[in-house]
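Q: The structure under discussion is supplied below as structure tokens; questions concerning it will follow.
The values are calculated or read from the model by the stated rules, or taken from the named source; none is laboratory data. Just so it is clear, the structure is predicted and the values come from calculations on it, not from any experiment. We place every Cβ from the backbone using ideal geometry, glycine too, and count neighbours over all the protein chains shown. Ligands, DNA and RNA are excluded from the accessible area calculation, which covers all protein heavy atoms including side chains. Shrake-Rupley method; radii C 1.70, N 1.55, O 1.52, S 1.80 Å.
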Amino acid sequence: MSPERSTAPERAAWRWAGIIPAALAACAGGVDLLALAGLGGAFASIVTGNLVTTGYGLGTVNMALAAPSGIAVVCFAVGVVASTRVWRHRPEAVIGLLLAELVLLAGVAAGWILTGAHPGPVVSFVLLGVASAAMGGQSVAALRLKASTTYMTGTLVSVLHDVVTGRAGRRRSALRQLAALVVGACAAAALLHPVRWAVPLLPLVLLAVSIGLVVADRASVR
């Protein structure tokens, strides 16, 4: 499909050669690192891992293990459902979804900084829930951009399948997304000890860049 005949989200992904999806994947990596290292030990967006951890906690009657991952799964699902319902009649909407995510992540950053980057258990769970809801919303936006930004197991399987079978597929874009996720997590980890308070600001910056690029793309095709 040519960029002239594609929808606005597809044009955005094409025009910026994957920069927007990569920035969103890096954002997700940073949020997951924050959640894992500072908000109770669960992922904000890796639902499969959280479900297994929840099962482990429930099976061993260890609520301290099950609670964070369970909260993350529920709030991620809430983020997906809420985002889909609000924008279900606007299948081209991406900016609104990302702005809603920006508000949620700004709330996480504010809570993190106001607690001295060491929130207590209750606040950690609240911030984890908000971060997970934000990642659920990002996942909906990513679907509309035809990219994976929060769940990468299928992306990795596709890459390895294409390598083994010799198919061209979307190997380059998949590798880019996987690398961006890791880079985002690494960058957040690098901030964790020297400037711990700044960790949630990294995903905010990456998300703001993504929104700016989408807005610029929309303006350029009018």
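Q: Using the structure shown, decide if Gly38 is surrounded by 17 or more Cβ atoms within 10 Å (Cβ to Cβ), modelled with pLDDT under 90 and not hydroxyl-bearing (Ser, Thr, Tyr).
A: no
Q: Between residues in region 88-102 that are touching a residue at least 60 places away in the same chain (Cβ under 8 Å) and residues that are open to solvent by 50 Å² or more (accessible area, probe 1.4 Å), which pairs lie under 6 Å by C-beta distance while being six or more apart or on different chains?
A: Sorted first by the residue in region 88-102, then by its partner, the pairs are Glu92/Thr7.
Q: Sticking with this one: With closer than 26 Å to Gly120 by Cβ and open to solvent by 10 Å² or more (accessible area, probe 1.4 Å) as the only criterion, which of Thr84, Thr48, Thr60 stands out?
A: Only one candidate qualifies: Thr60.
Q: Being crowded, with 17+ Cβ neighbours inside 10 Å, over 19 Å from Phe43 (Cβ atoms) and of a type in the set (Val, Ile, Thr) narrows it down to one of Val159, Val122, Val195, Val164, so name that one.
A: Going through Val159, Val122, Val195, Val164 in turn, just one is crowded, with 17+ Cβ neighbours inside 10 Å, over 19 Å from Phe43 (Cβ atoms) and of a type in the set (Val, Ile, Thr): Val159.
Q: Consider Gly137 carefully, then state whether it is of a type in the set (Gly, Ala, Ser), crowded, with 24+ Cβ neighbours inside 10 Å and either modelled with pLDDT under 95 or closer than 23 Å to Arg176 by Cα (or both).
A: So Gly137 fits the description; yes.
Q: Okay, moving on. Limited to region 87-108, what total is found for residues that are of a type in the set (Val, Ile, Thr), in contact with a helix residue (DSSP H, G or I) (Cβ under 7 Å, 6 or more places away or on another chain) and either open to solvent by 20 Å² or more (accessible area, probe 1.4 Å) or in a loop (DSSP other than H, G, I, E, B) (or both)?
A: The total comes to 2.
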